[in-house]
Amino acid sequence: MQRNPNRRLPREEVRRRLLAEATRVFAERGYADARIEDIAAGAGFTKGAVYSNFGGKQELFGAILGDGAETELAAVREEIRDLDDLPTMIGRVASLVTRRIVEDSGRGHLGLEFAARAARDEHTRQILAPMRRDQREGAARSIAEVAERTGVRPAVDLDQAALILHCLTNGLVNEHIADPEAVDAEAVERALRTALTCLLPPPGDDPGRE
């Protein structure tokens, strides 16, 4: 059912509704079988709203993934906002990211599909590459904040640490989807804790310190 055309919604609300409906449709049908007009109608708009807010189907698909990554990073930063104990911070982050990996497999499937398309399609790659870059930069900033707050020196430079965590998280998503019995929540959380502890070693474990 179309919404009242006389009531002009804020642009952010239009985008929010389109993203929510697109997430549902893409997860249900996959990229190839999802249609712009169905997404728009399900959100209560015409397909022109999709083009004016996102540019097209590929951009909308990328926006779903980007929005999810931003939400996860914001949740991580909120989770550790009032903490200054490094082991507690690592435990909280590992637990939070694990829950998102094992409980939101639909978004993981979308990420796999988009990455596969990017390998074969230049336009998709142009959407995915800057989005992944932004995610790594956000991770680097978060690592820097944790290091400054706890007095820890990262084991490698920030960009390298962010790349390691970014690749590990994406890899864990893929492995959990492929083999959820072996790569279960416990295995995922253990891998995240191990990587975070190695990248942010307690001061006494840092061989570079006097």
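Data for the structure
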item: Criterion (in a helix (DSSP H, G or I), more than 19 Å from P203 (Cβ to Cβ) and in contact with a helix residue (DSSP H, G or I) (Cβ under 8 Å, 6 or more places away or on another chain)) met by exactly one of A140, A116; result: A140
item: Helices (runs of 4 or more DSSP H) wholly inside the range 34-98 that include at least 2 residues being under 15 Å from the mean Cα position of the chain (by Cα) and of a type in the set (G, A, S); result: 57-79
item: The range 33-51 - residue that is under 24 Å from A118 (Cβ atoms) and surrounded by 17 or more Cβ atoms within 10 Å (Cβ to Cβ) and, of those, modelled with the lowest pLDDT; result: A34
item: Failed item, numbered, when G30 is tested on (1) closer than 30 Å to A185 by Cβ; (2) surrounded by 15 or more Cβ atoms within 10 Å (Cβ to Cβ); result: (2)
item: Extreme residue, farthest from R132 (Cα to Cα), among residues of the range 171-195 that are in a helix (DSSP H, G or I) and open to solvent by 50 Å² or more (accessible area, probe 1.4 Å); result: E186
item: Any hit, the range 5-14, residues being over 30 Å from A162 (Cβ atoms), touching a residue at least 12 places away in the same chain (Cβ under 8 Å) and exposed (fewer than 15 other Cβ atoms within 10 Å of the Cβ); result: yes
item: Cβ-Cβ under 6 Å pairs, at least 6 apart or on other chains, the range 52-73 side within 13 Å of L110 (Cα to Cα) and open to solvent by 30 Å² or more (accessible area, probe 1.4 Å), far side assigned to a helix (DSSP H, G or I) and hydroxyl-bearing (S, T, Y); result: Q58/T124
item: Selection status of T23, in contact with a helix residue (DSSP H, G or I) (Cβ under 8 Å, 6 or more places away or on another chain) and of a type in the set (S, T, Y); result: yes
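The values are calculated or read from the model by the stated rules, or taken from the named source; none is laboratory data. From a predicted model like this one, the values you see are computed outputs, not experimental measurements. As a convention, Cβ positions derive from the backbone with ideal geometry for all residues, glycine included, and neighbour counts pool all protein chains shown. We work out accessible area using only protein heavy atoms, side chains counted, and drop any ligands, DNA or RNA first. Shrake-Rupley method; radii C 1.70, N 1.55, O 1.52, S 1.80 Å.
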